[in-house]
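Accompanying notes for the structure given below.
The values are calculated or read from the model by the stated rules, or taken from the named source; none is laboratory data. This is a predicted model, so every value here is computed, not measured. FYI the Cβ positions are ideal-geometry reconstructions off the backbone, even for glycines, and counts take in every protein chain you see.
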Amino acid sequence: MRMNSSQSSPHAPFTIRIAALALAAALTTTALPTINAESKPLTLKMVRMNGYRSQDSIRDSLRYALCQVHDHDLSFWAREYPINGSFFDRASINEAQIQKKHPPLHYKIWMQTAKAPLVIILPGMGGHYQGAGLNALAQTYFDSGHSVLLVSSSMNWEFYVAACTSKVPGYPPLDAKDIRYALRKIITKIKNEHPGEIISTHLVGLSLGAVHTLFIAKLESESNKKIGFKSYLAIHPPIDIINALTTLDDFFAKWRKWPKKKVSLNIEKAAAVYLALTKKGLPSNKKVNVDKNAAEVLIATSYRYALRELLLAIKKDGNDMGLIKTPYGFKKNDLYRELDAFSFQDYAEKFLKKSIEAKLGKSLSMKELAENGSLHSISPFLAKAENVKVINSMNDFLVPRKKLKWFAKTFGDRALFFEYGGHLGELYTKQAKKAIVEYLTTIEKVK
């Protein structure tokens, strides 16, 4: 048995007006290298980011911290502690039983007072439904007339203990099945509690959640028992998630080259800058004042912390396959030290590969594992799926620029790229907020 996981206020939401003409005016096309001498040049739709003041893919990514819930008409204390603010208060935190003998899965939902489309948002690697950026995205959709549902990532320990059917998560084809099954249960529960209030359902994913969104779209197309998503939007999906996550190992290793006296100082300074972004924002025409290497270590550390919490849950469940030697007990210092030593490459090669081979009943090379879990494996479906769209930036560190042509070839004009932003670092801008709503409402206008 798996371990347990642990209203409304008077705020008048601002209205996001869908400025299709304005967005179109900002659009340009960028030519990508041709695949061969006879092929036609591939182009991506790109939105110019005037006034963004890009630094590089890493420090641009830190601007994801600027994705915060905004309640401008609240008191000082409510703004300082948004967990008590009005938008957070509008949500209900509920639970649904997904798997027998597992604890229930918690989810967060904002329902409109009238009939409305339901947007479900899947977070990035290890993300929790209470995450600030995820809730900010929920506010964008809610303020444009959607009801919104949030669940935690399949690689968050809470989803793992409640809904994962593999020994360890991290393989998109199987994780997508678990997520889809969980969403079916949750949506059924919501529709029973709010009969006739949901007019359609739409699936949106961030980063790893975007990869899951695309795999779920394929599963839906093949199923006789469909959930019935009307549209899908994948925001910043890495093409090859297993190899993309090992990029974070390279980032994390940067601190080893620093003098010992500067390790804590550099990380603490970068963390202080990040926290300042969440509280005070970034003044117009200013840059993020942090060293690039320190920013890389900070980003990697946040992901490694999520990996540690997942490994802790895997160990407690007894699904570590003997790979974690320190016993699970009340005092966890020694256990944490062992868990902290595991890199993403270690996780993929030692935990994930062994688990997937056991589940599939056959041996796999790491190359096969990565390829079967990549978006390349579902390219033919994605190329024809007219209700599937993608948003990314031109400088996402998890999608090398040379691989952007895959998006152009696969999605054509269903892919929209922002000039800057790194990984998710443009989502706080007005241009991005308009686009993520427009890319759903081009399929269904919200009344």
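From the set of residues in segment 248-266 that are in a helix (DSSP H, G or I) and buried (at least 16 other Cβ atoms within 10 Å of the Cβ), which is nearest to the chain's Cα centre (by Cα)? This residue is 248. Check every one of the helices (runs of 4 or more DSSP H) wholly within segment 342-411 and list those with 1 or more residues that are closer than 20 Å to residue 206 by Cα and of a type in the set (A, V, I, L, M). Answer list for segment 342-411: 366-372, 379-384, 404-411. For residue 269, are the conditions met, namely being of a type in the set (D, E, K, R) and either in the same structural domain as residue 131 (by TED's automatic domain parsing) or loosely packed, with under 14 Cβ neighbours inside 10 Å (or both)? Here the answer is no, as residue 269 does not meet what is asked.
When residue 338 is tested against (1) farther than 24 Å from residue 176 by Cβ; (2) assigned by TED's automatic domain parsing to the domain that holds residue 168; (3) of a type outside the set (Ser, Thr, Tyr), only condition (2) is not met.
Exactly one residue among 166, 75, 86 is under 23 Å from residue 369 (Cα atoms) and modelled with pLDDT under 95, and that residue is 166.
Which of the residues spanning segment 108-130 are among the small types (Gly, Ala, Ser) and more than 20 Å from residue 210 (Cβ to Cβ)? Residues satisfying the conditions are 114, 116. Within segment 329-344, if we keep just the residues that are out of contact with any helix residue (DSSP H, G or I) (no Cβ under 6 Å at 6 or more places or on another chain) and either at positive phi or of a type outside the set (D, E, K, R) (or both), the residue that is surrounded by the most Cβ atoms within 10 Å (Cβ to Cβ) turns out to be 335. Do the conditions hold for residue 170, that is, is it closer than 16 Å to residue 227 by Cβ, buried (at least 24 other Cβ atoms within 10 Å of the Cβ) and in the same structural domain as residue 372 (by TED's automatic domain parsing)? It is false that residue 170 is closer than 16 Å to residue 227 by Cβ, buried (at least 24 other Cβ atoms within 10 Å of the Cβ) and in the same structural domain as residue 372 (by TED's automatic domain parsing). Residues of segment 405-433 that are over 20 Å from the mean Cα position of the chain (by Cα) and on the phi > 0 side of the Ramachandran plot: 412 alone.
Taking the numbered list (1) modelled with pLDDT of 90 or more; (2) assigned to a helix (DSSP H, G or I) in turn, residue 319 passes all entries but (2). Is it the case, given these coordinates, that residue 377 is more than 22 Å from residue 252 (Cβ to Cβ), polar (S, T, N, Q) and modelled with pLDDT of 95 or more? When the stated conditions are applied, residue 377 passes them.
For segment 200-219, the criterion of being assigned to a strand (DSSP E or B) and surrounded by fewer than 19 Cβ atoms within 10 Å (Cβ to Cβ) is met by at least one residue. Within segment 291-309, does at least one residue satisfy the condition of being in contact with a helix residue (DSSP H, G or I) (Cβ under 8 Å, 6 or more places away or on another chain), among the aliphatic types (A, V, I, L, M), under 30 Å from residue 184 (Cβ atoms) and not assigned by TED's automatic domain parsing to the domain that holds residue 379? Among the residues of segment 291-309, at least one is in contact with a helix residue (DSSP H, G or I) (Cβ under 8 Å, 6 or more places away or on another chain), among the aliphatic types (A, V, I, L, M), under 30 Å from residue 184 (Cβ atoms) and not assigned by TED's automatic domain parsing to the domain that holds residue 379, which makes the answer yes. Within segment 318-340, residues that are more than 21 Å from residue 356 (Cβ to Cβ) sit with their Cβ atoms under 7 Å from residues that are loosely packed, with under 11 Cβ neighbours inside 10 Å, at 6+ positions apart or across chains, in these pairs: 338/325.
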